Amino acid sequence: MNQPSFHFPKSPRAKAIAFGLIFLLTCIAIYLYSHSSAVSKVKGTAQNVSVTAYTVTRQDMKRKISLSGQTVPVAQVDISTKYAGKIADVAVNLGDVVAPGQVLLIQDTVDTNLTLNQDKAALEQAVADSKAAESQFGSDLQKAEVEYDTAKMNYNRYAVLKNEGAISQQELDTAYQALIVAKSALDNLESQNVGDVPASVASKYAAQAKAGYTVDSLTQQLDDMTLRAPRAGVVTYRNAEVGAMAAANTKVMTITDTSGVYIDCSLSEADVAAIQQGMPVSVSIESLAQDYDGYITYVSPAMDDTTKTYVVRITLAQPDAKLRGGMFAQSSIDVLQKPDTLFIPKDALTEQDGKAQVCVIRPDDTIELRTVTTGLRNDDYIEITDGLDDGDVIATTNLARLKDGTTVSIEERQ
């Protein structure tokens with residue numbers, strides 16, 4: 001099949017006409033291309049950039065302090081045996097709610113009761129010995145006083161008789177010796193007191209007191225072998241069965257009081273200075289998807305040497321049965337950072353050649369890049385100490401597309 005062919009004109013006139021047509025078409029193409037680009041540029045300039053606007057207002061600048069920790073019951077008490085012994089009865093089960101003083105566990109007290117009875121008998125004997133000693137001393141003292149008085153009368157009578165020549169000197173000396181012996185016996189009894197009690201009687205009193213202490217000790221031991229709840233709560237641990245032997249100081253139960261719940265949080269030196277006792281807070285328990293009201297009940301006066309932080313305790317105002325110890329809890333507190341100042345969102349600030357700049361929206365919706373001076377900062381805001389005035393409107397989004405003179409459309413105001 002024959003292909004069509006193009007034959008370039010050979011005559012000079014035809015060639016001139018062909019070149020003229022080609023040149024004309026080329027100029028038209030260049031003009032159309034140039035005009036299309038210009039129109040596109042004009043259209044692109046006319047397009048507005050959508051931004052979110054923020055009105056700068058002089059007000060108190062606050063910062064947010066985050067608090068986190070785990071829920072802790074108001075009390076958790078381990079119950080341990082004080083003495084070794086067989087377990088005779090276990091009165092509660094795991095999960096039981098108990099009242100203060102309620103019996104939890106009883107140990108076998110047969111041997112202790114036998115020993116106590118023996119000691120009570122020993123105490124009774126000690127009391128009898130004390131009374132006998134009191135009686136004996138009184139009798140001995142009375143006898144010594146009578147003998148002394150008798151010896152004294154005899155000596156005085158013999159002295160008179162000696163003066164009258166009725167007796168010899170030897171008889172008077174014998175009466176004097178009897179007086180000295182009686183006086184010595186009386187002095188001996190009167191000088192052996194321990195305080196106001198004679199030594200012989202005091203010794204019996206001491207033996208009586210010792211026996212009494214032994215009885216009291218065993219009585220207390222019997223009472224200690226009956227374990228009671230020290231406070232209201234729930235049995236959250238039990239390791240005791242009837243018939244098992246329990247060694248002394250063995251943990252057998254745990255009572256947890258969930259009537260109150262608190263959270264201990266660790267804060268840095270910079271944050272703890274703004275926290276005060278009594279501040280109200282809202283605590284979020286993530287696992288329960290629930291918030292609880294609480295308040296600051298304790299702020300540590302000293303830094304922990306290990307963690308280099310301070311402890312802040314939050315107490316929940318109205319804990320409920322859904323709360324358990326060890327649940328992760330979060331809270332935050334807004335505290336005053338600086339009163340009556342200008343500040344902007346952090347995202348509204350850009351850095352250009354080491355200078356801080358913001359995109360101010362003029363009344364005609366065009367952008368002015370303005371250099372500012374910054375001050376205090378927190379997680380959300382930056383203070384502006386110079387470069388902005390109260391009432392200025394700035395852009396906070398699409399900053400990378402904004403330049404001096406860019407026209408914007410405000411889609412949202414903050």
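Observations on the structure shown:
- Lys322 being in contact with a strand residue (DSSP E or B) (Cβ under 7 Å, 6 or more places away or on another chain) and either modelled with pLDDT of 95 or more or of a type in the set (D, E, K, R) (or both): no
- Residue tally, condition out of contact with any Leu (no Cβ under 7 Å at 6 or more places or on another chain) and open to solvent by 30 Å² or more (accessible area, probe 1.4 Å), over the range 227-247: 13
- Filter pass, Asp140 being acidic (Asp, Glu) and surrounded by fewer than 16 Cβ atoms within 10 Å (Cβ to Cβ): no
Matching residues to (1) free of Cβ contacts under 8 Å to residues at least 60 places away in the same chain; (2) of a type outside the set (Asp, Glu):
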site	(1), (2)
Gln107	no, yes
Asp111	yes, no
Asn117	yes, yes
Leu123	no, yes
Lys131	yes, yes
Gln136	no, yes
Gln142	yes, yes
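- Filter pass, Glu124 being at pLDDT 90 or above, over 30 Å from Arg238 (Cα atoms), open to solvent by 80 Å² or more (accessible area, probe 1.4 Å) and in a helix (DSSP H, G or I): yes
- Qualifying residue in the range 220-234 (condition: touching a Ser or Thr at 6+ places or on another chain (Cβ under 9 Å), modelled with pLDDT under 90 and either part of a strand (DSSP E or B) or hydroxyl-bearing (Ser, Thr, Tyr) (or both)): no
- Index of the failed condition, Ala99 passing every other in (1) in contact with a Ser or Thr (Cβ under 9 Å, 6 or more places away or on another chain); (2) open to solvent by 10 Å² or more (accessible area, probe 1.4 Å); (3) among the small types (Gly, Ala, Ser): (1)
- Qualifying positions in the range 346-365 - open to solvent by less than 20 Å² (accessible area, probe 1.4 Å) and part of a strand (DSSP E or B): Ala356, Val358, Cys359, Val360, Ile361
- Evaluating Ala133 against the criteria (1) modelled with pLDDT under 90; (2) touching an Asp or Glu at 6+ places or on another chain (Cβ under 7 Å) leaves one unmet condition, (2).
- The selection criterion, being closer than 24 Å to Gly69 by Cα, out of contact with any Pro (no Cβ under 6 Å at 6 or more places or on another chain) and surrounded by fewer than 14 Cβ atoms within 10 Å (Cβ to Cβ), does not hold for Thr373.
- Residue within the range 187-199 that is assigned to a helix (DSSP H, G or I), in contact (Cβ under 8 Å) with a residue 40 or more places away in the chain, open to solvent by less than 50 Å² (accessible area, probe 1.4 Å) and within 22 Å of Lys143 (Cα to Cα) present: yes
- Scanning the range 283-296 for residues that are at negative phi and open to solvent by 60 Å² or more (accessible area, probe 1.4 Å) returns Glu286, Ser287, Asp291, Asp293, Tyr295.
- Of the residues making up the range 392-413, those that are among the small types (Gly, Ala, Ser), touching a residue at least 60 places away in the same chain (Cβ under 8 Å) and over 17 Å from Leu349 (Cα atoms) number 1.
- Residue in the range 304-313 that is under 36 Å from the mean Cα position of the chain (by Cα) and among the aliphatic types (A, V, I, L, M) present: yes
- Residues that are open to solvent by 50 Å² or more (accessible area, probe 1.4 Å), among the polar types (S, T, N, Q) and assigned to a helix (DSSP H, G or I) were ranked within the range 19-76; the one that is modelled with the highest pLDDT is Thr26.
- Looking only at the range 95-105, residues that are closer than 7 Å to Val235 by Cβ and assigned to a strand (DSSP E or B) come to 1 in all.
- Out of Tyr148, Tyr205, Tyr158, Tyr213, one residue alone is closer than 30 Å to Leu114 by Cα, out of contact with any Gly (no Cβ under 9 Å at 6 or more places or on another chain) and surrounded by 14 or more Cβ atoms within 10 Å (Cβ to Cβ). It is Tyr205.
- Candidate set: the range 77-94, residues that are part of a strand (DSSP E or B), of a type outside the set (S, T, N, Q) and within 14 Å of Ala229 (Cβ to Cβ); chosen: the one most open to solvent (accessible area, probe 1.4 Å): Asp78
To keep it simple, each residue is scored yes or no on (1) closer than 28 Å to Asp380 by Cα; (2) open to solvent by less than 60 Å² (accessible area, probe 1.4 Å).
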{"residue": "Ser300", "(1), (2)": "yes, yes"}
{"residue": "Asp305", "(1), (2)": "no, no"}
{"residue": "Arg313", "(1), (2)": "yes, no"}
{"residue": "Gln318", "(1), (2)": "no, no"}
{"residue": "Arg324", "(1), (2)": "no, no"}
{"residue": "Phe328", "(1), (2)": "yes, no"}
{"residue": "Asp334", "(1), (2)": "yes, no"}
{"residue": "Gln337", "(1), (2)": "yes, yes"}
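- Restricting Gly391, Gly326, Gly405 to those that are assigned to a loop (DSSP other than H, G, I, E, B), over 46 Å from the mean Cα position of the chain (by Cα) and either of a type outside the set (A, V, I, L, M) or within 30 Å of Tyr292 (Cβ to Cβ) (or both) reduces the list to Gly405.
The values are calculated or read from the model by the stated rules, or taken from the named source; none is laboratory data. Just so it is clear, the structure is predicted and the values come from calculations on it, not from any experiment. Please note: Cβ atoms are built from the backbone with ideal geometry, for glycine as well, and neighbour counts cover all protein chains shown. Please note that ligands, DNA and RNA were not included when accessible areas were found on the heavy atoms of the full protein model with its side chains. Shrake-Rupley method; radii C 1.70, N 1.55, O 1.52, S 1.80 Å.
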